[in-house]
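Taking it in order: structure first as structure tokens, then the write-up.
Each value in this text was obtained by applying a stated rule to the coordinates, not by laboratory testing. Nothing here was measured: the structure is a model prediction, and the numbers come from that model. Ideal geometry is used to build each Cβ from the backbone, glycine not excepted, and the neighbour counts take in all protein chains shown.
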Amino acid sequence: MASTADPEDGLTDYERLRQENIRRNEAMLASVRRKADELSAAIRSAKPKRGRGRPTGPRQPGKTLDIPASSIVLRSAGLSPAYLLPEPHGSGTHLSSSLASSILGAAKPPPAGAKTRADGIDAGKELVLKPAHVRRVVTTSILSMRVLPLVDRTVVAAGDKLGNIGFWDVDGVSEDLYGDGAGVLFRYLPHKSPVAAIVVHQAAPQKIYSCSYQGEICLMDFEKESFNLVHLWESPVHSLCQAPNHVRCLYFGDENGVLTLFDERVGKVSTTWDVHDARINSIEFHPGNAHMLATSSRDRTACIWDVRSMKTKEPDSLKVFKLDGPTQSAYFSPSGCMLAITSYNIHGTVRVFSMDDFEKSHEHNQTGTLPSAFRVIWGWNDTDLYVGKMSNSVDIISVDVNDSGLSARNNACLWSEYMTSVPFQLSAHPYKVGHLACANSWGKVFLWTSA
């Protein structure tokens, strides 16, 4: 069947028909969403009003809500490599069960959930992108993505700006007419606004938490096969992280620079800290120290904290890094011996610091990136950093430690004719060395794998 769609998304008549079905289904479930809106409005109306500045009064924790999966899962469908069928396969429960089986049936993680390290990998030579490893996981721009921590499977979760979360079970087998065995997709709508972050603890990959610009924190529990809105915060939530030793203890950062600890076990906020003067863009714990975390913010700083000694008001940090532009991320290397901070002004900048001696650092100006979306990630060792480029490719930045300090340089570039747009979001498989997922602004995910 001939396609008349934009070359970027390649929609066929089948796909357009399915989009029409989705619109029809959403209209049928509009009453459910209205009820959710009314409930959210009732909760928000009970909270103190906030001005444009920092919070001035005591914060009231958002109410915990438990919404059945049948009312919040608006769509779920198995998708084939080349076509989207006009109607979903089976019911949402059936598809949730299929995906749950893949996740729950994965091999158990190594002791202590340690990440796999690969100091000898040459990613520039070993990673390839196959045509079958390109999928449109959601319908619009992907703002958050995570490869689930499954030892022997590859499942990618991606959240978009409309509130959708899509799951690509790369190892799943499609039963539809057009399937070629290259994976199955499932799509849900747990949020009503952009999905800012998705987190999954290595000790409990069946529990997937996500947050949104409307302050929603949701849990998809594959054991219960349901989405639940577990907390509703009073301002946009932009970052989310789980405590290393407590799967259900969530740290999240909001629009106003407030870091909050929410204990999902009891359904309430435990503590809040005023740690930044603007939006918190990232939160990450040190891989070897369960009490140390790093934050980055639009206030042009990144900080390292010890959660045991933080005061609620004006907490003292272990270290403050001042940048010349808003900081997008602050991530520890796999061993925890280095910290990479990304920021932007007129160009993207990566600063790498030694955790043993902060005076040992290196500033690397990364050209060819879109500054507002600039964020690098570590791979499977303390040597390689990965970042998307405007040339529809991924740069590999090599970090070198020597007696004179640190240095960094662009070492290699991942380019493929099958990656047809800028990869803004990146996520490395925690266990499968050489499995690197990239996402673009069209809802597509590109999975690079070892040759």
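Each residue of the stretch 322-338 is assigned a 3J(HN,Hα), and the resulting list reads 9, 10, 9, x, x, 8, 8, 6, 9, 10, 7, 5, x, 7, x, 7, 9 Hz, derived from the Karplus form 6.51 cos²θ - 1.76 cosθ + 1.60 (θ = phi - 60°), x at Gly and Pro. Our coupling estimate for the stretch 217-228, obtained by passing each phi through the Karplus curve with A = 6.51, B = -1.76, C = 1.60 and θ = phi - 60°, is 10, 10, 10, 9, 9, 6, 5, 9, 6, 8, 9, 10 Hz, Gly and Pro reported as x.
For H291, the amide hydrogen comes within under 5 Å of no other amide hydrogen, counting only partners 5 or more places away or on other chains and with H modelled in the peptide plane. Taking the average, over residues, of other Cβ atoms within 10 Å as the packing measure, peptides 254-263, 432-441, 411-420 rank 432-441, 254-263, 411-420 from highest down.
Put simply, the amide H of S239, placed in the peptide plane, has neighbours under 5 Å in G253, leaving out anything fewer than 5 places away on its chain.
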